[in-house]
Amino acid sequence: MMATALAEVATIVILFGWVTGTIQPSECDVTAKTESGYVCGRRRLAANGDYYASFRGIPYAKQPLGKLRFQELQPPEPFHGIFDAREAGPICPQVDVIYGPLLQPRSMGEDCIRINIHVPIQALPDGSQKPLLPILAWVHGGSFSYGSGDADLQGPEYLMTKGIILVTFNYRLNALGYLSLNSKSIPGNNGLRDARTALVWLQRNARFFGGDPENVTIGGQSAGGVMAHILSISPACKGLYNKVMALSGTAIANFVAVSPLYSALMAKIFLLYMGLNILEDPEIIHQQLISAPMSRILDANQFLLDQFGLVSFCPVIETPTENFTAILLKDPEYLLDEGRGKNSPLLLGYTNNESQTYKARLRSVNLEAKTKLLPPLIVPTNLLFSSNPLTVPILTLNILNEYFNNSIITLDTFADVVTDSFYKYPVYRIVEKRIKTRAAPTYYYDFSYHGIRSIVKEVMREDFPGAGHLEDITYFFRVNSFQGPMVVNELRQDDLDSMMREFMTRLISDFVITGDPTPLEEDYGLPKWPEAGKRLRHESIELPMLYNAKTPSPYLKAKKRFYDIQYRLGRGL
């Protein structure tokens, strides 16, 4: 198989004279064709001892350099020779305030528009008739400001044992990806458009890697979950996916304010920090931002993150703009009510103690003191910026009474507000909307497994019951930055952590394959997962290989009723 492919590549290299300055076929473990030319990859070891082919850092569009800094991505340019995709490319410019040692040091630059394809080696095309594999197109998280699709945090070694292809990619972050001046040059949402461009590239190139373009699941966690879910309800993405996975982040997550009011506020603070005149013509500002040094842009984003804690720029409701593909023209609440995305199975998930992961970050930016000085900050961000301003004092008093009993605001209790309102309540709203629109099956899980050795807790130097933000994905992605060299059969050890990795990896891959997270293997002895109907039945993941269907606790049912009232008061929804 590989010998045939390498011979074909060598012939093309000789015929076209593409030799100087390019990698030679003999240097490649594996090769694959793309519309831009051939790519050279590595053969790597999966968790079960089998090999997978890994192609990393492939440009999926022309790099947005110079005058292209804020433009929609253009088609990729042809490769002059065989593109070296053996190692990851540069990550997009960013300031990381959460991940820390979970991300390995990597070169950084605006030439970061790269895609990574990991595929079981036996699935690569070799001229014979092979079944095409289902694809998981994963959108990385990081508050729209940091992170990448690299294998340091999102290692494919577990998923490569389950007969699927994993695709990850970078997209523009912070101001480059989400600054909006509501102008013809910077309308916002470039990060979302980049993700759409990656999905288009995948449709055109999937078969070259043995992937089925008609069986694509778009998924993500945190900000990546928000993006995946928004893409799934956007008319611009019709035909680019079949199933959706939104974990610890959805299109209506309350840590995302899609209101243009919020976007304008972020833009003004950013421009003032940059030393630019906010009253200047937007096209002149655009030119100034094109020539601005990246270090200055990142300094400004750091300032914003330090003021607001976790999120600065984020997706925004757009005004249709010439030369830009519109992704989000309405509030996601209304798009869901219209039934957008209803024909695709949806898997949602959250952890039981989401906000504990980044409580140290909230402490470092003095969020407790800020909320005492400005109590409306306890109102969930999306609700705060999308509500009638006259109701904000009422919402503030209601939340103070519900969580703080009108007493002193503490960080511990504020963390409860965040977990309930940012992550859990939006899932309940989405389930109800999908029931009303008679949508395809909807599933969700509550992950509360307290690992024997929790990667996230060790890195964050925290300990708390259950699981926090990020912890669930560390059981189906291998955290290569932390776990060290691969141990063969990491999913088949006798300890509970290994069993949980097997359980979560199987859950995710089965949803990618069938649209149903119920394990396919009969020896698991697990009955079918319940769909999340009116009673909000879900899988409570407390221990591996344990079927545990539940409905929300009395506490969460009460919080759902509470936030239902706040949404009616603030937004009339």
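Go through (1) surrounded by fewer than 16 Cβ atoms within 10 Å (Cβ to Cβ); (2) within 21 Å of the chain's Cα centre (by Cα); (3) of a type outside the set (K, R) one by one and return the number of the condition L279 breaks.
It fails just one condition, (2).
If you go through segment 118-131 one residue at a time, do you hit one that is assigned to a loop (DSSP other than H, G, I, E, B), modelled with pLDDT of 95 or more and of a type in the set (G, A, S)?
No, segment 118-131 contains no residue that is assigned to a loop (DSSP other than H, G, I, E, B), modelled with pLDDT of 95 or more and of a type in the set (G, A, S).
When you go through P519, P552 one by one, which is the residue that is surrounded by 14 or more Cβ atoms within 10 Å (Cβ to Cβ) and at pLDDT 90 or above?
From the options P519, P552, the qualifying one is P552.
Output the qualifying pairs, or none if there are none: Cβ atoms under 7 angstrom, residues six or more apart or on different chains, first residue in segment 434-456 and touching a residue at least 60 places away in the same chain (Cβ under 8 Å), second residue aromatic (F, W, Y) and in a loop (DSSP other than H, G, I, E, B).
Between residues of segment 434-456 that are touching a residue at least 60 places away in the same chain (Cβ under 8 Å) and residues that are aromatic (F, W, Y) and in a loop (DSSP other than H, G, I, E, B), the close pairs are Y443/W529.
So that you can scan it fast, the table gives a plain yes or no per residue for (1) modelled with pLDDT of 95 or more; (2) in contact with an Asp or Glu (Cβ under 6 Å, 6 or more places away or on another chain); (3) not polar (S, T, N, Q):
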position	(1), (2), (3)
M2	no, no, yes
I12	no, no, yes
F16	no, no, yes
Q24	no, no, no
T31	yes, no, no
C40	yes, yes, yes
F55	yes, no, yes
Q74	yes, no, no
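Just give me the residues in segment 413-456 being in a loop (DSSP other than H, G, I, E, B), closer than 17 Å to T351 by Cα and not aromatic (F, W, Y), in sequence order.
Here is the first cut: in segment 413-456, the residues in a loop (DSSP other than H, G, I, E, B) are 437-441, 448-454.
Now narrow it down to the ones that are closer than 17 Å to T351 by Cα: 448-454.
Residues satisfying the conditions are S448, H450, G451, I452, R453, S454.
I'd like the full set of residues that are under 16 Å from R172 (Cβ atoms) and polar (S, T, N, Q), limited to segment 303-324.
S312
Can you pull out the residues in segment 455-485 that are under 16 Å from H140 (Cα atoms) and basic (K, R)?
R478
Let's see how each residue does on (1) touching a strand residue (DSSP E or B) at 6+ places or on another chain (Cβ under 6 Å); (2) under 30 Å from Y475 (Cα atoms); (3) of a type in the set (D, E):
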residue: T351; (1), (2), (3): yes, yes, no
residue: V379; (1), (2), (3): no, no, no
residue: S387; (1), (2), (3): no, no, no
residue: E402; (1), (2), (3): no, no, yes
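For segment 187-199, does any single residue satisfy the condition of being modelled with pLDDT of 95 or more, within 30 Å of N353 (Cβ to Cβ) and among the hydroxyl-bearing types (S, T, Y)?
no
Would you list the helices (runs of 4 or more DSSP H) that sit entirely within segment 457-573 and hold 2 or more residues that are over 30 Å from L390 (Cα atoms)?
Those helices (runs of 4 or more DSSP H) span 480-483, 496-514.
Would you mind stating whether A246 is over 30 Å from A85 (Cβ atoms) and either small (G, A, S) or surrounded by 21 or more Cβ atoms within 10 Å (Cβ to Cβ) (or both)?
no
Please work out which one of (1) among the charged types (D, E, K, R); (2) out of contact with any Gly (no Cβ under 9 Å at 6 or more places or on another chain); (3) farther than 26 Å from T161 by Cβ; (4) surrounded by fewer than 16 Cβ atoms within 10 Å (Cβ to Cβ) is the condition R429 fails and give its number.
(4)
Determine, yes or no, whether R114 is at pLDDT 95 or above, surrounded by 24 or more Cβ atoms within 10 Å (Cβ to Cβ) and either among the aromatic types (F, W, Y) or in contact with a Lys or Arg (Cβ under 8 Å, 6 or more places away or on another chain) (or both).
Taking the combined requirement at face value, the residue satisfies it.
Does I98 count as of a type outside the set (G, A, S), surrounded by 21 or more Cβ atoms within 10 Å (Cβ to Cβ), modelled with pLDDT under 95 and closer than 30 Å to G191 by Cβ? Please lay out each step first, then the result.
Values: of a type outside the set (G, A, S): yes; surrounded by 21 or more Cβ atoms within 10 Å (Cβ to Cβ): yes; modelled with pLDDT under 95: yes; closer than 30 Å to G191 by Cβ: yes.
Answer is yes for this residue.
Looking at S553, S498, S509, can you tell me which residue is closer than 19 Å to N353 by Cβ and small (G, A, S)? Let's see the steps before the verdict.
Values: S498 fails: closer than 19 Å to N353 by Cβ; S509 fails: closer than 19 Å to N353 by Cβ.
Answer to the selection: S553.
Give, as residue ranges, the helices (runs of 4 or more DSSP H) completely inside segment 227-326 that count at least 1 residues that are modelled with pLDDT of 95 or more and in contact with a Lys or Arg (Cβ under 6 Å, 6 or more places away or on another chain).
Counting at least 1 such residues, we get 282-291.
Just to check your reading of the model, which residue among L397, L390 is surrounded by fewer than 18 Cβ atoms within 10 Å (Cβ to Cβ), within 28 Å of L335 (Cα to Cα), free of Cβ contacts under 8 Å to residues at least 12 places away in the same chain and more than 21 Å from the chain's Cα centre (by Cα)?
Among L397, L390, only L390 is surrounded by fewer than 18 Cβ atoms within 10 Å (Cβ to Cβ), within 28 Å of L335 (Cα to Cα), free of Cβ contacts under 8 Å to residues at least 12 places away in the same chain and more than 21 Å from the chain's Cα centre (by Cα).
From the list I435, I508, I455, which residue is at pLDDT 95 or above, β-branched (V, I, T) and either touching a Ser or Thr at 6+ places or on another chain (Cβ under 7 Å) or under 25 Å from L166 (Cα atoms) (or both)? I'd like the intermediate steps shown before the answer.
Details: I435 fails: either touching a Ser or Thr at 6+ places or on another chain (Cβ under 7 Å) or under 25 Å from L166 (Cα atoms) (or both); I455 fails: at pLDDT 95 or above.
Only one candidate qualifies: I508.
Please name all residue pairs, on different chains or six or more residues apart, with Cβ atoms under 6 Å, provided the first residue is in segment 542-566 and is in contact (Cβ under 8 Å) with a residue 40 or more places away in the chain and the second residue is in a strand (DSSP E or B).
K550/S540
As an exercise: evaluate A440 against (1) touching a strand residue (DSSP E or B) at 6+ places or on another chain (Cβ under 8 Å); (2) within 18 Å of G100 (Cβ to Cβ); (3) surrounded by fewer than 23 Cβ atoms within 10 Å (Cβ to Cβ) and give the number of the one condition it does not meet.
(2)
Return only the number of the condition from (1) of a type outside the set (K, R); (2) out of contact with any helix residue (DSSP H, G or I) (no Cβ under 9 Å at 6 or more places or on another chain); (3) under 30 Å from E214 (Cβ atoms) that Y444 does not satisfy.
(2)
Residues are listed down the side, and each one gets a yes or a no for (1) without any contact (Cβ under 8 Å) to a residue 24 or more places away in the chain; (2) of a type in the set (S, T, Y); (3) surrounded by fewer than 19 Cβ atoms within 10 Å (Cβ to Cβ); (4) over 23 Å from S248 (Cα atoms):
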{"site": "N323", "(1), (2), (3), (4)": "no, no, yes, yes"}
{"site": "L328", "(1), (2), (3), (4)": "no, no, no, no"}
{"site": "P332", "(1), (2), (3), (4)": "no, no, no, no"}
{"site": "L336", "(1), (2), (3), (4)": "no, no, no, no"}
{"site": "N343", "(1), (2), (3), (4)": "no, no, yes, no"}
{"site": "G349", "(1), (2), (3), (4)": "no, no, no, no"}
{"site": "T357", "(1), (2), (3), (4)": "no, yes, no, no"}
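So how many residues does segment 491-503 have that are surrounded by fewer than 20 Cβ atoms within 10 Å (Cβ to Cβ) and under 17 Å from S454 (Cβ atoms)?
6
Quick check on G468: is it farther than 30 Å from A360 by Cα, buried (at least 19 other Cβ atoms within 10 Å of the Cβ) and in contact (Cβ under 8 Å) with a residue 24 or more places away in the chain?
On the way: farther than 30 Å from A360 by Cα: no; buried (at least 19 other Cβ atoms within 10 Å of the Cβ): yes; in contact (Cβ under 8 Å) with a residue 24 or more places away in the chain: yes.
No.
Out of curiosity, is S448 small (G, A, S), touching a Gly at 6+ places or on another chain (Cβ under 6 Å) and either closer than 23 Å to G225 by Cα or surrounded by fewer than 17 Cβ atoms within 10 Å (Cβ to Cβ) (or both)?
yes
Just the residues that are among the polar types (S, T, N, Q), assigned to a loop (DSSP other than H, G, I, E, B) and within 16 Å of I297 (Cβ to Cβ), please, taken from segment 145-184. Don't jump to the end; show me each part of the working.
Taking segment 145-184 first, the residues among the polar types (S, T, N, Q) are 145, 148, 154, 161, 168, 170, 174, 180, 182-183.
Imposing the further condition that a residue be assigned to a loop (DSSP other than H, G, I, E, B) reduces the set to 145, 148, 154, 170, 180, 182-183.
Matches in segment 145-184: S145, S180.
The values are calculated or read from the model by the stated rules, or taken from the named source; none is laboratory data. Just so it is clear, the structure is predicted and the values come from calculations on it, not from any experiment. So basically every Cβ, Gly included, is an ideal-geometry build from the backbone, and we count neighbours across all protein chains shown.
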